[in-house]
């Protein structure tokens, strides 16, 4: 491999200062041996990653979540009357394979059983023909009953059950379609919700208004703690509390349903339908994610759209593309697909590992990313009217919702490539950079999809009992934007300085940063430290030293790093968990950026990566290190275990990355 660390004209960005060699010969020999083995591991990883590139230039690993995706896919097909035996068999095979010994299903590998996921999985298997007397089903049902039964499940689970008559619509929070008419300045308008939530809530307002029931082929008495009293009343919170206020608001909405003017409700549902149709992507999906697509298909079907209608056909075909068929015949449903994210991270990893910047694989990846640029206005413009569009989304098709995180990382990836048409790269980066900077929130930081999406009210609604429904700024996204601006020569820009100030203020007392979109403090810290050093903070800055100290304090005895998802809810898990390839890489990337290349912690971490690499140049990682909603929805990005270790090894062997500025092809 050819290292691209020649400092040629156009290269921009910080460079690691050369450390003076004061080590003893024996220590130096050991260090040289480690460097050689790290270089060999990086070369193997490069070959593996190049072999996984699609001919069109992109990479995509499987995006694994939990079996609620598979269960809801079966329930949708049953509701629409299109459930076929082969799909049922394959989905049931996957769901059974994910069941834990105690009969439950969890939301992440090695995690505890989760009530709602277990209920949905159980119901899906009943639809597949598994009998309640079967040992695996009996164990699941007993566990559900011990924890209060269906009555204690989340609202979304009970909505699915209501569709089949297993739960009463009257016992669900009311979600009126008239919500679509609230102006953007009014509390609880749809733009107060994060983009993933609003794309789900708008179609659900139609479902809530229609209250359809397709009678189920069997009862679910075995999932009630008390079948004779399946819906115990919930106690009211004090009126003076926010919970009490929103409980009573929901009671008022239930009364409103009985008196709502029919013309107003019809117009509201028609407006919701227009909103949904306007946001269907070219590939038939909505937002590139499975849940909004599922509910949009149901809503439109309830409004009279036949399954043969082009909109419905395209929507159902898009859902088929979320299916991953495995060698054993099982069928797993992805909640989303991540080609843009995977491709920019793979490009960064290969470039930092020394692949020539004009290598055909990198140029092909850059061409594909440039072709995915979004140059149309989306929902983000509600909060930032007049801001010219630019940037990239996470998925193959999601023009309504480019995201700030992907855009920052794509810019960093494009700047690592010597493209034959540098003017095209410069123009795309200029548009995307302008859009990204313009999406800064008032507090100086950046969220993922929207600016100032920080209303405290949506999360308090009785309807919103599952995960985050707003998109406030986070340290990891803000760090990626600051890093991008630094490498674009804008570390001194007032917007970047505000972002840096926000990051410094967000540091935990122990030295870490919270990770919103990755698990968890290891991810946050691994994102922020490289950004701060790229922006000019020296390795000796107090914030950097505290971060280094924290990372060293949570390193595992085997030399790696790991952090369990329970760190989101239980402090004793912060920084602790089984070592994983991706989390070890995040820690190493931060330590290397802080100038700790020769430290014992870095050497042990690099040795762990080298020692756990498989013969084909890959790493294994069953643990979930990606975050959808902190604690509530977790992700195993199957490419994380490849791209981040390669990035860390590449920076260990070749030093800090070199990026190429405008006109430097």
task = Mind jotting down the distance between the C-alpha centroids of the stretch 645-659 and the stretch 483-500, whole Å?
result = 22
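Suppose the chain between residue 221 and residue 553 were pulled fully straight at 0.36 nm per residue; how much longer would it get relative to their current alpha carbon spacing?
On the way: separation 332, 0.36 × 332 = 119.52 nm, distance 5.05 nm.
Between residue 221 and residue 553, full extension yields 114.5 nm more.
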message = If you split all Cα-Cα distances of the stretch 538-665 into 5 Å bins from zero, what percentages do you get per bin, shortest first?
response = 2, 11, 19, 21, 19, 15, 8, 4, 1, 0
message = Give me the one-decimal nm value for the distance between modelled label points at residue 457 and residue 443, 7 Å along each residue's Cα-to-Cβ direction.
response = 1.9
remark   = Reduced to Cα centres, the span from the stretch 519-545 to the stretch 555-581 in Å works out to 19
remark   = Against the 2.2 N^0.38 Å rule of thumb, the C-alpha Rg of the stretch 287-343 sits at a ratio of 1.29
request  = Arrange the peptides 431-441, 220-230, 404-414 so that the one whose residues have, on average, the most other Cβ atoms within 10 Å appears first.
outcome  = 404-414, 431-441, 220-230
remark   = Length gained, residue 383-residue 29, 0.36 nm per residue minus C-alpha separation, equals 121.7 nm
ask   = Roughly how many Å is it from the Cα centre of the stretch 356-383 to that of the stretch 434-469, as a whole number?
value = 24
request  = Give, in nm to one decimal, the length gained when the segment between residue 270 and residue 620 is fully stretched (0.36 nm per residue of separation minus the Cα-Cα distance).
outcome  = 121.1 nm
key: On Cα atoms only, tilt of 640-654 relative to the major axis of the chain in degrees   = 10
In nm, spacing of pseudo-spin labels at residue 239 and residue 36 (7 Å Cα→C-beta vector) = 8.0
task = Within 10 Å, count the other beta carbons around each residue, average over each peptide in 351-357, 583-589, and list them highest first.
result = 583-589, 351-357
message = Just to confirm the number: angle between the C-alpha axis of helix 290-302 and the first principal axis of the chain, 0 to 90 degrees, nearest 10?
response = 30
ask   = What ranking of 442, 158 emerges when the number of other C-beta atoms within 10 Å of each C-beta is taken as an exposure proxy, fewest first?
value = 442, 158
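Calculate the tail of P(r) for the stretch 434-502: the fraction of all Cα-Cα distances greater than 13 Å, expressed in %.
Working: 1470 of 2346 pairs.
Value for the stretch 434-502 (Cα pairs over 13 Å): 63 percent.
Quick one: 370, 345, fewest Cβ neighbours within 10 Å first, how do they rank? Intermediate values should be presented prior to the final figure.
Numbers: 370 20, 345 26.
Taking fewest neighbouring Cβ atoms as first place, the list is 370, 345.
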message = I'd like the orientation of helix 135-146 relative to the chain: the angle between its Cα long axis and the longest Cα principal axis, in ° from 0 to 90, rounded to 10.
response = 80
query = Label points 7 Å out from Cα along the Cβ direction at residue 213 and residue 430: separation in nm?
reply = 6.2
ask   = For the stretch 499-600, what is Rg from Cα atoms divided by 2.2 N^0.38 Å, rounded to two decimals?
value = 0.97
query = Cα convex hull of the chain: how many Å³ per residue?
reply = 159
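Each value in this text was obtained by applying a stated rule to the coordinates, not by laboratory testing. On a predicted model such as this, the values are computed, not experimentally measured, just so you know. Note that each Cβ is placed from the backbone with ideal geometry, even for glycine, and that neighbours are counted across all protein chains shown.
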